[in-house]
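Reviewing the structure listed below.
The values are calculated or read from the model by the stated rules, or taken from the named source; none is laboratory data. It should be emphasised that the depicted structure is a prediction, and the values quoted were computed from it without experimental measurement. Note: accessible area is taken over every heavy atom of the protein model, side chains too, but ligands, DNA and RNA are not part of it. Shrake-Rupley method; radii C 1.70, N 1.55, O 1.52, S 1.80 Å.
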Amino acid sequence: MERDDPLIMEDTRSTLIELIEQGKVSPEHVDGAIAELSVFPSKLAWRSFIDLFLLWLGSLALAFSVMFFIAYNWSELDRFSKFALVEASMVVAMLVFLKQPLHNRVGQSALFVCAILLGVLMALFGQTYQTGADPWELFFNWALLMLLWALVGRFPALWVLWCSLVNLSIVLYFESMRSLLWSVFDDFYLWFSVFAFNLAVMVVWELASNKLEWLNARWAVRLIATGCGVSVTLMAVDAIATTSQFEWLVAVVWCLWVAVMYYAYRIYRPDLFMLAGSCLSGTIVVVALMIEYVFTRDTAASFLLMSFIIIGLGSGSALWLRNVHREWLVAENGEGGLDNDK
């Protein structure tokens, strides 16, 4: 791994902070330690970041400019001109992808632009010929058609886009069905379906990342885990607030989720972000329970006490996460790495 690798820099920064807090590094030597350990990104790292940021910003600007141009000139352009503009842009983007090596950033951004333009093409087709009335079909078919590109492209951003489209199609599907069968398709089925899908994707992602190096992008799996956490937390809060018939099932699912997250990211694959998300979910559920069963009256004392409880839960979570992080640093640097006063 390179010296400017973000993972190495973050680990070095955390270790140095621990040493400074424990007084192992004197104040007059702090600046020298920061310079020696390259805690801050170098000029090369900043140049690489700005180059990547401008590449993706420009690519997204080109993709959305096609969509906005057609929308703004909808009445002035005939249907063949609209289709020709979108399809020509897709062809150009695909040619750029094919001309680049497989893991080249320019090629990856071009394929991502092509995937977005595919959605624009499908929306244009549906609007022109009025092919369907249900919005979920657009996003589901978009995800279905771009699945092959995601398999070929093999980079996390495209898979995150695919997961987002499937999530959106699930939500829109249950919204459309709930309007017809309200008593059958309640919120439990919606949030449980979103949770089950994201959980399956996260498990497969984590297992496959042991063999496929390109899946080792923690930001992507953290986004998917956020989808799991949000859906299971909303499911739990909804069961508490509405006294759903599935409240015991929801309680079991939520407790299992928290337990698995604790084991997976406290022991198996340490990840502070995942543990922080679990703590936030626990805080929300505890507060919802207390509002529903303890603080049944809207009095000033109830709100004051509830604010103290939220502050206490947040402070306790922060303190626990800090201790967990310190344990990881001690284990990584050896038993005496941070506690040795010699």
Report task. Please label the shape of region 77-200 as rounded, prolate or oblate, based on the square roots a ≥ b ≥ c of the eigenvalues of the alpha-carbon gyration tensor (a/c under 1.5 means rounded; beyond that, a/b larger than b/c means prolate, else oblate). Result -> oblate
Query raised in the report: On the accessible surface of region 138-236, probed at 1.4 Å, how many percent belong to carbon and sulfur atoms?
Result: 75 percent
Report task. Starting from the Cα gyration tensor of region 142-271, take the square roots of the eigenvalues, sort them a ≥ b ≥ c, and report rounded, prolate or oblate (rounded when a/c is under 1.5, otherwise prolate if a/b is larger than b/c, else oblate). Result -> oblate
Report task. Please give the contour-minus-distance gain from residue 218 to residue 57: 0.36 nm per residue of separation, less the Cα-Cα distance, rounded to one decimal in nm. Result -> 55.9 nm
Report task. Counting only heavy atoms of the protein chains, get the accessible area per residue of region 231-301 (1.4 Å probe) and round it to a whole Å² value. Result -> 57 Å²
Query raised in the report: How far, in nm, would the chain grow between residue 308 and residue 175 when pulled straight, counting 0.36 nm per residue and subtracting the alpha carbon separation?
Result: 44.2 nm
Query raised in the report: Between rounded, prolate and oblate, where does region 222-270 land on the alpha carbon gyration tensor, with a ≥ b ≥ c its root eigenvalues, rounded for a/c under 1.5, else prolate if a/b exceeds b/c?
Result: oblate
